[in-house]
Structure formats: structure tokens, C-alpha cells
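Notes to accompany the following structure.
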């Protein structure tokens, strides 16, 4: 499937709209809506380009779009933003953010595990879950971009906020920019905040101290300003398309099943069920339970985040979230799941050789199963 199709085109359309067509809907190529799977719409009467998706993905794709736009001109190819070489924009961008995310995931895990465990966990999660699919296919979707940012902010939180090595306003400013981008890429990503803030909390006393430390008026102002700056382009677009700076672009789509969340279907349905498509997530859940049983920090916050995320996603009007591979909304949360997965791998590594071999074989089977479904 072309990466400029349906939802992916809806994320991407900001780029040609801004850099090529100057927000002139009438200047777009004929039949471009149909040719891109109706990922966006052109209101010719009002001369507006309308997309329901936020602009975070487009911002992250922008350097690759600009480079390819220049390259198309050098080659004498059409510079229309949609034909030929422009289809490589999401592919190059996804490759970069996948690699970026894997690097920072390894750096983050270095605080917890030895190099062998880190390598095993990172490789297993990449090739054994739908993270791999969204890195090589459907590259215009938001998930691989969120993954890269999740990995970076997990490392940043550990290094700057949690470890206390840096407490300057500049450090908090960087954190605020990254977190705001995470939410701009996909608003539901805000659910990662409890995990980031509670990371490595050993007691309720420590959590209260952390709240007192970071909930100062100065810090709140810094975070509010960074959020305002990051969200300003989106608010300007909402004003352009709706007349209001705050706008719910999904209109009739929403969390209509909040009274009857389809949680079991979200986890086990043949229609993109989380554990059915990527059984390796089961290992992460087992690791989470093992962490809680052994009174390890992070266990409870990971479990509660998983439950909250599951409820939210199962409340959406369609639990499968349409076409995709597995429960795609969990892709970025592989960063969070890397901790319990690593804890489980470390626990097994201390067991008898027979158990280690059987466990390794099971993980390999799960990885091969995932790759078989992809291909």
C-alpha cells in the first residue's frame, strides 16, 4: 500500500498544503482526494484543505519532505507533493524515527539491564510486535513517530528529571517541548505521562516529594509556554478550518463505547486483537505481574497505564481502529513494556539452562509468528 493513502495522507497533507499550494484547495491536482484514499478533503467552495488529523506527524516529516521536494526539482520531476518520489517521504522518515527510537530505547534500558538483556529485549520487541510492521509498512501512520519520541523522553526523564543530574529550566524546557510534540502527534499519547512522572518511585513519600519538586509555579509556566508554542501551528490550522482555535476535528467519531468498552475484543479479537497478532505482549504483561509480585518499582504504574490505555481504546467507536496490523495504538507503548519484558528476560536468565533454552525458543517462535503475519 502506498504510504500516501487514507489516514496516512491525512497526516501528510499539511506539507504540500503549506509548502506547495499555500493553503489553496483549488490548486490541488484533480481527483487527488480519491487518489489518496480520501484521507483529507478539499472544500472548493470555501477553498479550504480539511484533515481531521493533527499536524505532529507532518512536522516530524517536514525535513524529509523538503529534501525530497528539492531532489524532485533537480531531477526535473513534478513537484506536486503527491506523485512519484514524494511517496518516499514517510518511508525515509519512518526509518529515521524507528532507528532513533531503538537507539534511545537501548540507552534508556542501559540504566536497568546489562548489554545482553538490552540487545535481546530491543530485538525481540522490534521484530516480535507490530512495531516492526509500522516501521516498514504503513509508514505514514503516527505510531512509529510516537515510538521514537517515547523512547527519547523515557531516556530524558530518567537522565534529567528522575536522576536529578540536571534541574535547570533549560532541561525542563526540552522535556516540555518533547512531551508536547508527543501529544501533538497523537493526543491519546498523553497517557504516557503517569509512567514518565512516576518512573522509579519507591514509595508514596517519594512521589509526593517529586510532585512538590516539579509542581512549582515557575515549572508550570515553563511547561505551559512550551505546550502553547508547540500547539500554536495546530491552533492556527483549526482557526483556518473551523473559525475556532479549539476544535474537535473528529466530529461524529469518538469514545461512544465508554459505558461498554470492548476490552476482550481489543485484546483477543481476530480483528486486530493485541495478543493475537503480537503474542510477545503477553510476555510483557507476565513481566509486569512478576515485578509487582516481587515488589519492584514501576510494576504498578505500568499495569495501571496498560489498564487505562486498554479502557480508552476499547471505548472508541470501533475497537479495531480500522485497517491495520494488530492493535496499533500499543506500538509506541513498547517503550514502557520494555521494562517488564527486560525484567522477565533477566529473571529467566537466572534460571536453569533448560528453562532458559525453552524460554528463548518460545520468544523466537513469537518473533517468527509476528514476521509471518507481516509477510
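Computed on the stretch 7-77, with alpha-carbon pairs under 8 angstrom and 6+ residues apart, the relative contact order is 35 percent.
Using only the Cα atoms of the stretch 306-375, build the gyration tensor, take square roots of its eigenvalues as a ≥ b ≥ c, and label the shape rounded, prolate or oblate: rounded if a/c is under 1.5, else prolate if a/b is larger than b/c, else oblate. Could the numbers behind the result be given before it?
On the way: a/c = 3.55, a/b = 1.75, b/c = 2.03.
The shape class here is oblate.
Ranked by the mean number of other Cβ atoms within 10 Å per residue, highest first, peptides 35-46, 129-140 order as 129-140, 35-46.
From the coordinates of this entry, log10 I(q)/I(0) by the Debye sum over Cα atoms at q = 0.06, 0.07, 0.10 Å⁻¹ is computed, and it appears in [x] -0.21, -0.29, -0.61; [y] -0.24, -0.33, -0.68; [z] -0.50, -0.58, -0.79 under the label [y]. Take every pair of alpha-carbon atoms less than 8 Å apart whose residues are at least six positions apart; their mean separation over the length of the stretch 90-374 yields a relative contact order of 26 percent. Shape verdict for the stretch 251-375, please, from the Cα gyration tensor: rounded (a/c under 1.5), prolate (a/b greater than b/c) or oblate. Oblate, since a/c reaches 1.5 and b/c is not below a/b. Cβ-Cβ distance of residue 24 and residue 323, R₀ of 30 Å, FRET efficiency by 1/(1 + (r/R0)^6): the value works out to about 0.50. Relative contact order, whole percent, for the stretch 167-315 stands at 29, derived from Cα pairs under 8 Å and 6 or more residues apart.
Taking the chain as a Gaussian network of alpha-carbon nodes connected by springs under 10 Å, the highest mean-square fluctuation of the residues 73, 81, 128 belongs to 73.
From the Cα gyration tensor of the stretch 49-105, with a ≥ b ≥ c the square roots of its eigenvalues, which class applies: rounded if a/c is under 1.5, or else prolate if a/b is larger than b/c, or else oblate? Intermediate results must be reported in sequence, preceding the final value.
Numbers: a/c = 2.85, a/b = 1.38, b/c = 2.06.
Here the stretch 49-105 falls in the oblate category.
Ignoring everything except DSSP H segments at least 4 long, calculate the 222 nm mean residue ellipticity for the chain; use -39,500 (n - 2.57) per segment, divide by total residues, nearest 500.
Working: 18 runs with 228 residues, N = 375.
Dividing the helical sum by the residues of the chain leaves -19000 deg cm²/dmol.
Compute the acute angle (0 to 90°) between the alpha-carbon long axis of helix 115-128 and the principal axis of greatest extent of the alpha-carbon atoms of the chain; round to the nearest 10°. On a 0 to 90 degree scale, this one is about 50. Each of the peptides 306-312, 292-298, 335-341 was scored by the mean count of other Cβ atoms within 10 Å over its residues; in descending order, highest first, they stand as 335-341, 306-312, 292-298. Each of 69, 143 was scored by other Cβ atoms within 10 Å of its Cβ. Listed from fewest to most, they are 69, 143.
Between helix 280-293 and the chain there is an angle of about 50 degrees, using the helix long axis and the longest principal axis of the Cα atoms.
Among 353, 210, 26, 328, a tally of other beta-carbon atoms within 10 Å of each Cβ gives an order, fewest to most, of 353, 26, 210, 328. Springs join every pair of Cα atoms under 10 Å in this Gaussian network model of the chain, and among 288, 17, 205 the largest mean-square fluctuation is at 205.
No lab work stands behind these numbers, since they all come straight from the coordinates. What you are looking at is a predicted structure, and each value in this text was computed from that prediction instead of being measured. Methodologically, a virtual Cβ is constructed for each residue, glycine included, from the backbone with ideal geometry; neighbour enumeration extends over all protein chains shown.
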